[in-house]
Amino acid sequence: MATILPSIFGADILRLQEEIKFLEAENTEILHVDLMDGTYVSNIAFGPNQIAAMKKASSMIFDVHMMLANPERHIDEVIKTGAEMISVHYESTPHVHYIIQKIKQAGRKAGVVLNPGTPEGMIEYLLDDIDYILIMTINPGQPGQKFIEKSLEKIKNTKKMIAGRSIQIEVDGGVNAEVARKVKEVGADLIVVGGALFNGSPQENYQALRMAIQ
Ligand code: DX5
Ligand code: ZN
């Protein structure tokens with residue numbers, strides 16, 4: 001079974017509380033929250049204080065996607081937000097294993113994120129330490145980009161590499177209902193959606209996205 005994870009970065013910031021209420025009323029289990037520092041990626045969004053405030057106002061599981069340079073400097077603060085799932089970009093630090101250890105020691109789920117140009121084989125030695133692999137299906141930082149089709153092959157290969165371990169595959173970027181169906185078919189478990197959920201009629205979009213992965 002696959003799950004849709006709304007990306008709060010795509011929501012209307014001036015109506016954040018209502019957007020969170022809407023997602024809860026729609027029985028959203030996991031909220032995807034982007035943390036961007038303006039250095040690792042050009043955008044800036046949602047620091048630990050804002051994430052902690054959103055977390056207090058919500059009963060959803062928080063999946064924090066760290067897009068940060070030197071994440072080892074910020075991991076303690078991110079853990080303090082209360083997020084249940086935290087992921088780190090493989091490319092963002094030489095200390096990826098250390099960060100995963102910290103996340104696990106705090107009793108949270110640890111994920112490792114791969115940019116479109118990073119082969120899945122790079123994380124072979126991390127497979128026994130992680131709970132999920134986040135495959136970027138766009139280049140991180142900007143919403144509204146087109147899904148990179150080559151990602152379908154990468155999802156399939158990642159699924160093979162996991163070889164029965166209990167590791168989930170998450171995808172993020174450029175997902176609409178049609179793409180959601182395709183990524184689910186090749187093995188995605190957690191499907192992040194920003195623009196295609198919040199633009200237009202969120203209620204109808206949510207329904208269409210869920211239908212697509214049934
Ligand atoms: C982009 C973020 C995504 C973003 C996805 O760097 O990681 O989570 O919100 O937005 P869409 O679904 O519109 O591509
Ligand atoms: Zn994200």
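The values are calculated or read from the model by the stated rules, or taken from the named source; none is laboratory data. What you are looking at is a predicted structure, and each value in this text was computed from that prediction instead of being measured. Note: ideal-geometry Cβ built from the backbone for every residue, glycine included; neighbour counts use all protein chains shown. Accessible surface areas use protein heavy atoms only, side chains included; no ligands, DNA or RNA. Shrake-Rupley method; radii C 1.70, N 1.55, O 1.52, S 1.80 Å.
Within the accessible surface of region 64-166, defined with a 1.4 Å probe on protein heavy atoms only, the carbon and sulfur portion equals 50 percent. Measuring between alpha carbons in the structure, the pairs from Lys104/Lys160; Lys21/Lys160; Lys102/Lys150; Lys109/Lys159; Lys56/Lys182; Lys80/Lys184 lying more than 30 angstrom apart are Lys21/Lys160; Lys102/Lys150; Lys56/Lys182; Lys80/Lys184.
Calculate how many DSSP beta bridges within the chain are antiparallel, expressed in % of all such bridges and rounded to the nearest 5. Present the calculation step by step, with values, prior to reporting the outcome.
Working: 2 of 35 bridges.
Given both bridge residues lie in the chain, the antiparallel proportion sits at roughly 5 percent.
Working note: Karplus 6.51/-1.76/1.60 with θ = phi - 60° gives region 69-81 the couplings 7, 6, x, 4, 6, 10, 4, 4, 5, 5, 4, 5, 5 Hz, where Gly and Pro are set to x. What the Cβ-Cβ distance of Lys146 and Ala25 gives, at R0 = 22 Å and to the nearest 0.05, is a FRET efficiency of 0.10. Calculation over all alpha carbon pairs of region 142-214 in 5 angstrom steps from 0 returns a P(r) of 3, 17, 27, 23, 16, 9, 4, 1 percent.
Each part reduced to its alpha carbon centroid, region 1-66 and region 140-182 end up 19 Å apart.
Each listed q (0.14 Å⁻¹) maps to a log10 I(q)/I(0) for the chain from the Debye sum over equal C-alpha point scatterers, namely -0.78.
Once you have the Kirkwood Rh of region 1-91 from its Cα pairs, apply Stokes-Einstein at 25 °C and 0.890 mPa s and quote D in µm²/s.
Working: Rh = 13.4 Å.
In µm²/s, the coefficient is 182.
Rounded to whole numbers, the Karplus 3J(HN,Hα) couplings from phi for region 201-214 are 9, x, 5, 5, 4, 4, 4, 5, 5, 5, 4, 4, 10, 6 Hz, using 6.51 cos²θ - 1.76 cosθ + 1.60 with θ = phi - 60°, and x at Gly and Pro.
Percent of alpha carbon pairs in region 49-122 separated by more than 16 Å?
Values: 1241 of 2701 pairs.
Above the 16 Å cut-off, region 49-122 has 46 percent of its Cα pairs.
Its relative contact order, with pairs defined as Cα atoms under 8 Å and 6+ residues apart, puts the chain at 19 percent.
Accessible surface calculations at 1.4 Å, restricted to protein heavy atoms, place region 1-88 at 44 Å² per residue. Near Ile79, within a Cβ-to-Cβ distance under 14 Å, what is the net charge of the other residues, with Lys and Arg +1 and Asp and Glu -1? With Lys, Arg at +1 and Asp, Glu at -1, the neighbours total +2.
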